[in-house]
1. Relative to the first principal axis of the alpha-carbon coordinates of the chain, what is the inclination of helix 77-91, with its axis defined by its Cα atoms, in degrees from 0 to 90 and to the nearest 10?
2. With all protein chains present, how much of the accessible area of the chain (probe radius 1.4 Å) comes from carbon and sulfur, to the nearest whole percent?
3. Using a Förster distance of 25 angstrom, determine the FRET efficiency expected from the C-beta separation of His58 and Ala32, and round it to 0.05.
4. Residues of the stretch 57-92 with backbone nitrogen within less than 11 Å of a virtual label 7 Å along the Cα-to-Cβ line of Leu46, please, listed as ranges.
5. Skip the ligands, DNA and RNA, and give the accessible area per residue of the chain with a 1.4 Å probe, whole Å².
6. Quick check: the angle from helix 40-52's long axis to the longest principal axis of the chain, C-alpha only, nearest 10 degrees?
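The values are calculated or read from the model by the stated rules, or taken from the named source; none is laboratory data. Keep in mind it's a predicted model, so treat the numbers as computed, not measured. Here the Cβ is made from the backbone with ideal geometry for all residues, glycine too, and neighbour counts use every protein chain on show. Remember, those area values only see protein heavy atoms, side chains included, never the ligands or the DNA or RNA. Shrake-Rupley method; radii C 1.70, N 1.55, O 1.52, S 1.80 Å.
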Amino acid sequence: MAENILSCFIDEAGDFGDFETHSPYYIVSVIAHEQEKSIQEEIEGLEKYMTSLGYPHHAIHTAPLIRREGDYEYMNIEERRKLFNLIFRFAL
C-alpha cells in the first residue's frame, strides 16, 4: 500500500500588543497539501500574477503586509487586499 503524505504549514502574522491604527489585523494561516498531488500549475499561476503586480519571484510575508512595513509600506488597503486575496485563492 502506498504511503500518503500530508504536509501542513501553519503561520501567524500580526501583533498581540497594543492596538496600532496602521496594523489592526491579526491572521492565522493553515495550509495542508497531499504531497502526491502536484501544485506546479497553481504555483506558476501565482508567480504570473505576482509578476503582473510588479513582484516577480516575491514571497509574500503577511506580517509586514498587515503592518504596512518593508515592501508593503506604500501600498494602500486595496493593493494589500489583492495580495491577501491571492494568498487565499492559492490556498484553496
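1. Result, in degrees: 10.
2. 55 percent
3. 0.60
4. Zone members listed by number: 58-61, 86-92.
5. That works out to 79 Å² for each residue.
6. Once rounded, the angle reads 20 degrees.
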